[in-house]
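See below for the structure under consideration.
The values are calculated or read from the model by the stated rules, or taken from the named source; none is laboratory data. Given the structure is predicted, the values throughout are model-derived calculations rather than measurements. Heads up, the Cβs are rebuilt from the backbone with ideal geometry, glycines too, and the neighbour counts pull from every protein chain shown. Side chains included, ligands, DNA and RNA excluded: accessible areas come from the protein's heavy atoms. Shrake-Rupley method; radii C 1.70, N 1.55, O 1.52, S 1.80 Å.
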Amino acid sequence: MMKPLNDNVLVERIERDSVSKGGIIIPDTAKEKPAQGIVVAVGPGKRDKAGKHIEIDAKCGEKVLFGKYSGTEVKLNGKEYVILRADDILAVFED
């Protein structure tokens, strides 16, 4: 597995259904990339200008919402992931 550095987070995208609510099948070419995922790994955080350590709010296993065009896509062992800066995470879903 990959361990992110600094304030980066490794996220596995959650795929959307390929059928709409009305029963229409959506082809792969028309699908938008999902902007939700599960946090797989979290970096140690970063330091501010005064040297104080700032932890990342997201934790492993949490479902998060991030910007559609945020991050860098990577493939590991046949799975697609996104490496995001902690600031690119917009929200954490609560159960």
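Just a few scattered comments:
- Test: residue in segment 12-35 that is at pLDDT 90 or above and of a type in the set (Val, Ile, Thr): no
- Pairing each residue of segment 52-78 that is touching a residue at least 60 places away in the same chain (Cβ under 8 Å) with any residue that is part of a loop (DSSP other than H, G, I, E, B) and surrounded by 10 or more Cβ atoms within 10 Å (Cβ to Cβ), provided the two are 6+ apart or on different chains, yields C-beta distances under 7 Å for LEU76/MET2.
- Residue check, ILE54 open to solvent by 30 Å² or more (accessible area, probe 1.4 Å), at pLDDT below 90, of a type in the set (A, V, I, L, M) and touching a strand residue (DSSP E or B) at 6+ places or on another chain (Cβ under 7 Å): yes
- Note on segment 44-87: residues that are aromatic (Phe, Trp, Tyr) and not in a loop (DSSP other than H, G, I, E, B) total 2.
- Within segment 60-69, restricting attention to residues that are out of contact with any Lys or Arg (no Cβ under 8 Å at 6 or more places or on another chain) and modelled with pLDDT under 90, the residue that is most open to solvent (accessible area, probe 1.4 Å) is TYR69.
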